[in-house]
1. So how strong a dipole does the stretch 1-50 carry about its Cα centre when Lys and Arg Cβ are +1 and Asp and Glu Cβ are -1, to the nearest 20 debye?
2. Quick check on the chain: what does the Kirkwood estimate of hydrodynamic radius come out to from the alpha carbon pairs, in Å?
3. Once you put a point 7 Å from the Cα of ARG28 and another 7 Å from the Cα of LEU103, both along the Cβ direction, what distance in nm separates them?
4. Quick one: angle between helix 24-41 and the longest Cα principal axis of the chain, in degrees between 0 and 90, rounded to 10, please.
5. With runs of 4+ DSSP H residues as the only contributors, calculate the mean residue ellipticity of the chain at 222 nm using -39,500 (n - 2.57) per run, divided by the residue total and rounded to the nearest 500.
6. May I ask for the longest run of the chain untouched by GluC sites (Glu not before Pro) that are loop-located per DSSP and have at most 14 neighbouring C-beta atoms (other than their own) within 10 Å?
7. Might you report the magnitude of the Cβ-based charge dipole of the chain about its Cα centre, with Lys and Arg at +1 and Asp and Glu at -1, to the nearest 20 debye?
8. Can you pull the percent of Cα pairs in the stretch 1-50 with separation above 15 Å?
Amino acid sequence: MLQRQPRREDEPIIVNRYGVPIGASGVRFKLAEYVAGATRIAPNLASKHVTLHSFRHATAVHLVAAGVDVTVIRSWLGHVSLDTANHYAQANLETKRLALERLEGLEQPAKRPSWKQDKSVLAWLDSL
């Protein structure tokens, strides 16, 4: 888990061992190193395309799922246009599932929804 370290407002967040800010290429290098290490534990990562943009997109999706307003997400990600932020901040599958369940009303169905009974759909969802 990342822990917040005491720092001044003007201090960079990501630094090397000498306290010098790491540029995007250095961060990409470290990310590739960590992904290679994680692949030994979770081999399915080898088929994934993990990039800095992946983290940016995932952050936006999690913020949307948490109910954060898209204008705040736009500002946090540094986008000038809401259209750009909307492109990244798409609802994830859990958010979509919850929205569908709200449409069904307050009553819980006696049987599982048809998509939960279809093993091929569940397998596809697990592969995502």
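1. 160 debye
2. Numbers: mean 1/r = 0.0544 Å⁻¹.
Evaluated on the chain, it is 18.4 Å.
3. 4.0 nm
4. Value to nearest ten degrees: 50.
5. Value at 222 nm, helices only, nearest 500: -16500 deg cm²/dmol.
6. Values: sites that count: GLU9, GLU104, GLU107.
Excluding the exposed sites themselves, the longest stretch runs over 10-103.
7. Working: 17 positive and 12 negative charges, 85 e Å.
The dipole magnitude comes to about 400 debye.
8. 60 percent
Any read-out appearing in this document is the output of simple, stated calculations on the displayed coordinates, not a laboratory observation. Computed from a predicted model, the values in this text were never measured in an experiment. Virtual Cβ from ideal backbone geometry, glycine too; neighbours counted across all protein chains shown.
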